[in-house]
Amino acid sequence: MDRYLATLNKLQDVFTAAKVSAKEIDIPQIVVLGSQSTGKSSVLENIAKQNFLPRGMGIVTRRPLVLQIIQEPDKKVINGKRYDTWVQFLHEKNKVFTNMVEVQKEIIDDTNKTCGVNKGISDDPIHLKLHSTKIPSLTLVDLPGLTKIPVGDQPKDIDSQIERLVRSYVEKENSIILAVSAGNVDIANSDSLKLAREVDPTGSRTIAVITKCDLMENNDESAAVLSGVSVDVKLGLIGVINRNNKQLEENTPIEKILSIEEDYFLRNFPGIADRMGTEYLTSQLCDILIRHLKKCLPMLTDKISQQQARHREILKEVGEEPTDPNHGMIMLLSNFTDNLCKSMDGTYTYSKMKPIPNPKVNTLKTAVRKGEQEADQDVDVQMVPQTTTAGAELFNVFETECTHNLSQIPPDKNLKNLKEVIKSTSGVQPALFIPDTVFNTLIKSQLDLFDYPSEHAVTKSHQCISEAVEMIAERTIGRYPKLQREVVNISKDFLSKQSRDAKEFLAEYLEVEKSYINTNHPDFIERYKVAAALFAEPEGDEVKQKTKATTAADFFYIEPEIKESALDKLFTKYTRGEDASSEDRANKEAELMEKLLIHYFCIVRAQIVDMIPKIVMKYFVRKLSTQLNSTLIKELYTEEKITELVQESDRVSKKRKASSHMMKVLLEAEKLASGIAMGNKRIKTSS
Ligand SMILES: Nc1nc2c(ncn2[C@@H]2O[C@H](COP(=O)(O)OP(=O)(O)OP(=O)(O)O)[C@@H](O)[C@H]2O)c(=O)[nH]1
């Protein structure tokens, strides 16, 4: 037996036994494609030299039949009798069939069991190994025939169901398509060749087989068809003759049919007879399959490596089989807390579903911007998994909840009718410049505006860390669902306590800010003077020129290089109100007061924005790294809990088992594939 075909058979065995679907590893195979009753099963029987396939009316082949012909060196002895040929089914591994009528019956029974009696079809293949001392090894897949009309109680869409199934086989790059057409039908109308051309436009993996050549007219047209000129397939066209209906009924031996076939071609088409017939077809198929296997080898090895990498990843994820639960528990808990801390530092990643904008919606938005069309304002987003770390998520919270949200608070929110407020709260004695009591009262109510958003920023940080706890627990101890639940609960309790402490500290800090308004703050004093200078016209113009400020706002916010003395002069002039009416002065006072309040508000806001991340780091992140592990051990490391919690879920142990099994299969496949690859190389070097 050719070692390539032997290896291919072994690969097929390895993958079939492991129930590896063709989707995962697309191994080279010959698939038989044709309309119903064109003679597909008959071709297979002639190649196998055995009548072992069911026959009848309607759709006989209702599920893919993977026929592995295995050439055996010796006959098999069963119950003292020696057999040339014997059959085994994958679904009935221990039974050996020597009677072909029983094989037919087994195929019918198993098909009925899978698809129902005379009903639909199924894509679940039936695997059959035909061992024989007389025929070369070859693997072929018989497929249901393409049809257009449902019969009996078959579903109305049986035609499209069959086409879908057939396509799933012929579309595969590694499939050789054996496209069967009946010789008594115009080849231009052959459905099999049409579909083959569609999925293999260059014809590089299609071989055409013309059955029922005995029913062809003996004329030039038939000779032209059989010579292959009218069909563009690279692997050739071969005519065959199978048993007709009568011969089927009379059970004419295949050997006789093969000799009838040989005579027929020699007599009717002598010029091409040596390229016609079942024997020639069989030898061609073997050659094609070997050539094809050599060609597909790199792709096959790649696929095997990819699958290995996938299963290696799964095995890494599910971890080793648990051994000592005591040791296991300590390891698991420290693994969890270590990874949590690493994730805070940005060195341990996990995956999180995040929204990304739908590109279609973006196009619409662009269109709206251009005023071209109305668009649905609902923003359509797509959730996709993205790799992240707890540190990155927390930083994001700081950015949005602290920096952004706090800067969104309007600094003049409560500063309405300032002129009236100043008037009503000032004492009888007019203040030198602005009344401190008014300033203090107003700024305190302004500072209250920070209470909610600051607390909210801590809440959001808490939520963000809780989420990281869940994700990392799932990744590191997900295979022990009970332990995972407990760890998450304890960690969350721990975080809630930290959150309470953090909020308490924050509230205290905000109180501290409100309890003393430091108008001596260096930043504040400087601005105060400059702001005052702004209102002292016309000298103010000079100041403005020096500072290059064009608007009052610019002026207020820049640090001008102005001599203290000039400022003092202006400031004194303004506050004494030498050249201002009392109304004018009140307006200016209110305006100045507003600017100062806003400025003080901004100074405190910057301090809070700076403070919140520090609070979060101290109360959550540092506490987690120093205390969470010991808290978990204290709560969970008891004898009863260890036995109860360090129990792997069924799902995980099944996953590990399946992947380790697959790894074995893939290693074996890799060995087989590299074995033929080495052979390939040797042949190339020596030639
Ligand atoms: N005269 C003649 N009849 C043939 C030949 N090949 C097949 N037949 C007949 O055509 C009919 C259908 O043959 P099958 O081999 O069952 O066809 P199939 O394509 O496998 O059919 P389905 O699996 O139902 O799609 C049978 O009655 C065969 O006897 C042939 O070369 N010559």
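The values are calculated or read from the model by the stated rules, or taken from the named source; none is laboratory data. This structure is a prediction, so every number in the text was calculated from the model and none was measured. As a convention, Cβ positions derive from the backbone with ideal geometry for all residues, glycine included, and neighbour counts pool all protein chains shown. For the accessible areas, the whole protein counts, side chains as well, though only heavy atoms, and no ligand, DNA or RNA atoms are used. Shrake-Rupley method; radii C 1.70, N 1.55, O 1.52, S 1.80 Å.
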Task: Overall form of the range 71-179 per C-alpha gyration tensor (a/c, 1.5; a/b vs b/c) - done: oblate
Open item on the list: Please compute the contact order of the range 80-188 in relative form: average sequence separation of alpha-carbon pairs under 8 Å and at least six residues apart, divided by the residue count, as a percent.
Closed with: 23 percent
Open item on the list: At R0 = 41 Å, how high is the FRET efficiency between Thr437 and Asn489 if r is their beta carbon distance? Nearest 0.05 is fine.
Closed with: 0.20
Task: Cα gyration tensor shape of the range 256-303, rounded if a/c is under 1.5, else prolate or oblate by comparing a/b with b/c - done: prolate
Task: Those chymotrypsin sites (Phe, Trp or Tyr not before Pro) in the range 461-523 that DSSP places in a loop and that have at most 12 other beta carbons within 10 Å - done: Tyr516
Task: Protein accessible area in the range 615-659, 1.4 Å probe - carbon and sulfur % - done: 50 percent
Task: Solvent-accessible area, 1.4 Å probe, carbon plus sulfur percent, for the range 272-325 - done: 51 percent
TODO: Lys and Arg at +1, Asp and Glu at -1: add these up for the other residues within a Cβ distance under 14 Å of Phe265 and post the number.
DONE: -3
Open item on the list: Quick check on the range 123-258: take the gyration tensor over C-alpha atoms, sort the square-rooted eigenvalues as a ≥ b ≥ c, and tell me if it's rounded (a/c under 1.5), prolate or oblate.
Closed with: rounded
Task: With DNA, RNA and ligands ignored, accessible area of Thr626 (1.4 Å probe; Å², nearest 10) - done: 90 Å²
Task: Gain on full stretching of the segment that runs from Ser407 to Asp338 - 0.36 nm per residue minus C-alpha separation - done: 21.3 nm
Task: Solvent-accessible area per residue for the range 62-143 (1.4 angstrom probe, square angstrom) - done: 48 Å²
- [ ] Figure the gain on full extension for Met383 and Lys354 (residue separation times 0.36 nm, minus the Cα-Cα span) and round it to one decimal in nm.
- [x] 9.9 nm
TODO: Could you tally the net charge around Glu102, taking each other residue with its Cβ under 13 Å from the Cβ of Glu102, Lys/Arg +1 and Asp/Glu -1?
DONE: -2
Open item on the list: With every protein chain left in place and a probe of 1.4 Å, what is the accessible surface of Val77, to the nearest 10 Å²?
Closed with: 90 Å²
Open item on the list: If I take R0 = 22 Å and measure r between the Cβ atoms of Ile108 and Asn79 in this structure, what FRET efficiency does the formula 1/(1 + (r/R0)^6) give, to the nearest 0.05?
Closed with: 0.30
TODO: Quote to one decimal, in nm, the extra length available between Thr347 and Glu591 on full extension: 0.36 nm per residue of separation minus the C-alpha distance between them.
DONE: 82.7 nm
Open item on the list: I want to check the label-to-label distance for Glu317 and Glu508. Put each point 7 Å from Cα in the C-beta direction and report it in nm to one decimal.
Closed with: 4.5 nm
